[in-house]
Amino acid sequence: MRLAEHPLARTTLPLLVAAAAVAVGYALSVGLAGYFVYLGVSAVVAAIALLGLGVVTGTAGMISLCQLTFAAVGAFVVCACNVAQVPGGFVTWLLLGGLAAALAGVLVGLPALRLRGITLAVVTLGLAAAADLTLVQIQFPGATEGLSVERPDAFSDDRSYFLFAVLVLVACGLVVYFLRRGRWGSSWHLVAFSERGTAAVGAGVRTSKLTAFAVSAALGGISGGLLTGQVGLAFPASFTAIQSLALYVLAIMSGAHLIDMAVFGALLWVAVPELLKRWGVPQDWGFVVFGVLGVQALTSRGNLGTAVRALRYRRRPAITAGLTDVAEVEPVPIGDPVLEVRGLSVSFGHVTALSDVDISVPEHGILGVIGPNGAGKSTLVDAISGFLPRATGTATLGGRPLTGSPTRRARSGLRRTFQQDRVPPGLTVGAYVRFVARRRLAGHEVADALEFFGCPGPRTPLSRVDAGARRLVEVVGHLLAKPRVLLLDEPAAGLPHEEHVAFGRRLRQVPARFGVSVLLIEHDLDLVRSVCDTLTVLDFGQVLASGPQADVLADPAVLKAYMGETELL
Ligand code: ADP
Ligand code: MG
């Protein structure tokens, strides 16, 4: 086991890095020339704002073009506290500023629940412009009187204030690091990659987006407060929409979801205008430089951070599922139906995808659903799991009505996987499985379940796992959630033939091993024959036959529909 992979190192290592960062900060605060100390504070301020953008944009995948508006909220609160001499001093004011910005972040995040992509960009940029105009009108508290903000007593001169700023940055970095490793962080990765995938694991899409916006805005607010302490006063000119835009570009370009790259981006943020000034070029050209770099980053769909990280894995092949031998377990007897669907109908405009379909999954059994392409199999899974609210018919799970949003149904014990890949590449196998399972799991539980399905180990980054194996990881996560029923939509479609067969053998043991009943959509009839207890055949959205596997496969109507498919004969 490498040092970095040791569980203890995963907590100790970031703390050591943080301590080293503080030491470097101290050395710089003593050693740098006065002017560079001032620039240093500016870089730290930018780094905190960029860390925030890294959360909302880099990790959660939403466009936010008003990061400096959140900074202005933080600055405003610090100024107001200074004027009112709120007890607790600068550190308290800074935290209050972060808190107020977080609230503003939630308010801005609310439209983000409905808006995506360019629309969200326009809304957040519009907000930044409006805030900009408003600030010019109302001014920051104490600004007209020239009332300077009091720094913390122990950090009142410029050199020690720089050290203070570094301490704040390190604290923010640690918070982001640990948040990203926790539930919120996993949900940000997942929501960026697939909202449907997020709902399917029983996580709230709203919560994921709003927490990302709140954390991001809080960091923005803290950066604004810190800036106010540096300058002594806050000016609207520090928080313009165009600067927010430039900061966003920098976040995208540097890959600010990685903490070190946020710091690197912040150095650029300070260095580019500084160099332009030294060369006698007007400062506004800085925006042009960032603009060009940003377009480059957006069109190449990558950034410096991921490029640097990718060097580590260059030329290593993607990890595929392995063929492990598994010990047989005693099968459990099949019980009464646990999932029952009656009279399910779905239409898309003039297309009737499902018409009056009945389905029943036996407790501790595996129901196979087969049918040609376009028969309505995926629509069936979508409707049962709550993704098609306009579907009609009734469904019960364990005798209780199955209703409500996909998140709610997932939490009530119905899980599903997708025919398309919904596994976010930004997480490790273990972090993803734990997030999907939504319950406390011992390390060996995760490792055993992964090994059972021949999946790569928990510490493997999902970005290195081949698409077929990624879908097995998805299955493992849902099984570890211990739902009553798991709906699998062609789970083995991406696997080579032998692994496909091996998957079937493992699936056969799922009810006994995990206590989960399964609905399996599958096109390989050999697999269906060896795995499924009961079978339902769909054709043009209607049930052609349904019942015990052997009866269904011998049914003349089924034989006729599948005529020419030699596998059946
Ligand atoms: P299967 O999974 O069995 O291949 P699907 O459930 O994906 O079939 O599709 C069933 C039918 O419903 C097809 O005719 C398909 O074109 C149609 N369909 C599925 N989803 C949509 C949608 N979102 N809008 C319109 N038509 C759809
Ligand atoms: Mg399908």
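The values are calculated or read from the model by the stated rules, or taken from the named source; none is laboratory data. Because the structure is a prediction, the values reported are computed rather than measured. Cβ: placed from backbone, ideal geometry, glycine included. Neighbour counts: every protein chain shown.
Could you tell me whether any residue of region 323-334 is touching a residue at least 24 places away in the same chain (Cβ under 8 Å), of a type in the set (G, A, S) and either within 16 Å of ligand 1 (Cβ to nearest atom) or more than 23 Å from F540 (Cα to Cα) (or both)?
No, region 323-334 contains no residue that is touching a residue at least 24 places away in the same chain (Cβ under 8 Å), of a type in the set (G, A, S) and either within 16 Å of ligand 1 (Cβ to nearest atom) or more than 23 Å from F540 (Cα to Cα) (or both).
One line per residue, one yes/no per condition, for (1) basic (K, R); (2) under 19 Å from V510 (Cα atoms); (3) surrounded by 23 or more Cβ atoms within 10 Å (Cβ to Cβ):
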residue: V346; (1), (2), (3): no, no, no
residue: S355; (1), (2), (3): no, no, no
residue: H364; (1), (2), (3): no, yes, no
residue: I370; (1), (2), (3): no, no, yes
residue: L414; (1), (2), (3): no, yes, yes
residue: T428; (1), (2), (3): no, no, no
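Out of V77, V91, V123, report the one residue that is in contact with a helix residue (DSSP H, G or I) (Cβ under 8 Å, 6 or more places away or on another chain) and modelled with pLDDT of 90 or more. The unique qualifying residue is V77. Does region 98-117 contain at least one residue that is in contact (Cβ under 8 Å) with a residue 24 or more places away in the chain, more than 29 Å from the chain's Cα centre (by Cα) and in a helix (DSSP H, G or I)? No, there is no match, as no residue in region 98-117 is in contact (Cβ under 8 Å) with a residue 24 or more places away in the chain, more than 29 Å from the chain's Cα centre (by Cα) and in a helix (DSSP H, G or I).
Within the set S378, S347, S355, the sole residue that is near ligand 1 (Cβ under 8 Å from one of its atoms) and hydroxyl-bearing (S, T, Y) turns out to be S378.
Residues in region 500-540 that are within 16 Å of ligand 1 (Cβ to nearest atom), surrounded by 22 or more Cβ atoms within 10 Å (Cβ to Cβ) and within 20 Å of E474 (Cα to Cα): L519, L520, I521, E522.
To keep it simple, each residue is scored yes or no on (1) among the acidic types (D, E); (2) under 22 Å from R439 (Cβ atoms); (3) buried (at least 20 other Cβ atoms within 10 Å of the Cβ); (4) in contact with a Gly (Cβ under 7 Å, 6 or more places away or on another chain).
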| site | (1), (2), (3), (4) |
| --- | --- |
| T198 | no, yes, yes, no |
| A214 | no, no, yes, yes |
| A218 | no, no, yes, yes |
| A241 | no, no, yes, no |
| L245 | no, no, yes, no |
| A251 | no, no, yes, yes |
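Applying the criterion of at least 1 residues that are within 14 Å of ligand 2 (Cβ to nearest atom) and more than 20 Å from R438 (Cα to Cα) to the strands (runs of 3 or more DSSP E) found wholly in region 360-423 leaves 366-370. The set of residues in region 384-422 that are touching a Leu at 6+ places or on another chain (Cβ under 8 Å), within 15 Å of ligand 1 (Cβ to nearest atom) and under 15 Å from L520 (Cα atoms) comprises I384, S385, R416, T417. Looking at region 321-363, which of its residues are at pLDDT 90 or above, out of contact with any strand residue (DSSP E or B) (no Cβ under 6 Å at 6 or more places or on another chain) and not small (G, A, S)? Passing the criteria: D336, F348, H350, V351, T352. Cβ-Cβ contacts under 9 Å between residues 6 or more apart (or on different chains), taken from a first residue in region 43-61 that is assigned by TED's automatic domain parsing to the domain that holds A218 to a second residue that is charged (D, E, K, R) and in a helix (DSSP H, G or I), are listed as V55/R180; V56/K209; T59/R180; A60/K209.
Within region 31-57, being out of contact with any helix residue (DSSP H, G or I) (no Cβ under 9 Å at 6 or more places or on another chain) and either part of a helix (DSSP H, G or I) or of a type in the set (V, I, T) (or both) holds for G31, Y35.
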